[in-house]
Amino acid sequence: MEIDRIRLYPRPQTGVRRMGIFSRTRDIIAANITDMLDKAEDPAKMIRLIILEMEETLVEVRSSAARSLAEQKEMRRHIAKLEHFQADWTEKAQLALSKDREDLARAALIERQKAADLVAQLQREIATLEESVRAYEDDIDKLQNRLREARQRQRSIMVRLESAEHRVRMRTLMSSERVDAAMARFDQLERRVDYAEGRADSLDLGGQRGNGAQPSLADEIAALESNDKVDRELEALKRKLGDRDPSN
């Protein structure tokens with residue numbers, strides 16, 4: 001009865017599931033990320049989807065590997081029980097023969113063979129699971145490498161996209177009416193500055209000093225030179241008039 005319970009032990013039918021995961025994983029591993037991005041309308045969105053798919057597949061592969069390892073442990077526990085049954089049935093067969101009950105000995109040996117057959121079946125399943133786990137480990141390693149590559153490309157693509165968008169904004173700004181309006185305001189400011197400078201220059205004209213402004217040192221010296229010239233001309237005029245006087 002115990003052997004029949006072990007034989008009918010419900011183990012998950014994961015063969016189809018493993019094949020599906022392997023197919024998805026190998027498709028992702030074999031995918032050329034550069035070609036996928038070249039064909040994408042939105043590279044940033046595409047690479048986010050690629051990374052999400054890889055992360056989800058990686059989680060699923062790890063979960064499947066964990067289930068396979070758990071199944072192996074469970075099967076090994078059953079193998080240990082079945083080996084105990086084999087030894088037990090061997091002892092019972094020996095006891096039956098010692099009592100001249102060959103029929104019971106034969107029945108005991110049949111039960112021992114059933115246990116041995118189940119052990120062989122479980123060992124074959126364990127070997128299959130071990131192969132699957134090795135495939136999982138290989139796929140996990142390759143997926144992690146692809147995931148690192150995708151994340152690096154994501155950072156590079158985001159930097160390039162931000163740079164391109166910034167250049168587009170700058171070119172749009174430079175070609176817009178806002179820039180023309182700003183330049184027009186600059187022209188107005190320059191004209192106001194020109195007017196202010198003109199007023200400042202006009203204050204330095206000689207006419208402004210007649211309103212009580214103090215003459216500069218250069219102006220005073222120039223006035224002295226002018227007075228000397230006037231004095232010389234006056235003396236010359238006097239001499240000329242003296243020469244014409246009849247009383248002389």
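Every Cα-Cα pair of the range 117-166 was included, and the share exceeding 14 Å stands at 70 percent. Once the Cα-Cα distance is subtracted from the 0.36 nm per residue extended length, the Gln113 to Val159 segment shows a gain of 9.7 nm.
Against the criterion of solvent-accessible heavy-atom surface with a 1.4 angstrom probe, His166, His78, His84 sort, most first, into His84, His166, His78. Spin-label model, Arg76 to Gln144: label points 7 Å out along the Cα-to-beta-carbon direction sit 2.2 nm apart.
Full extension of the chain segment joining Val230 with Met170 gains 14.5 nm, where the gain is 0.36 nm per residue of separation less the Cα-Cα distance. Given their separation in residues at 0.36 nm each and the Cα-Cα distance between them, Thr128 and Arg62 gain 22.0 nm when the chain is fully extended.
Here the Karplus curve 6.51 cos²θ - 1.76 cosθ + 1.60, taken at θ = phi - 60°, turns the phi angles of the range 81-88 into couplings of 5, 5, 5, 5, 4, 4, 5, 5 Hz, with x standing for Gly and Pro.
The values are calculated or read from the model by the stated rules, or taken from the named source; none is laboratory data. Quantities reported herein were computed from a predicted structural model and do not represent experimental measurements. Here Cβ is always computed from backbone atoms with ideal geometry, including for glycine, and neighbour counts include all displayed protein chains. Keep in mind that these areas ignore ligands, DNA and RNA; they rest on the heavy atoms of the full protein, side chains included. Shrake-Rupley method; radii C 1.70, N 1.55, O 1.52, S 1.80 Å.
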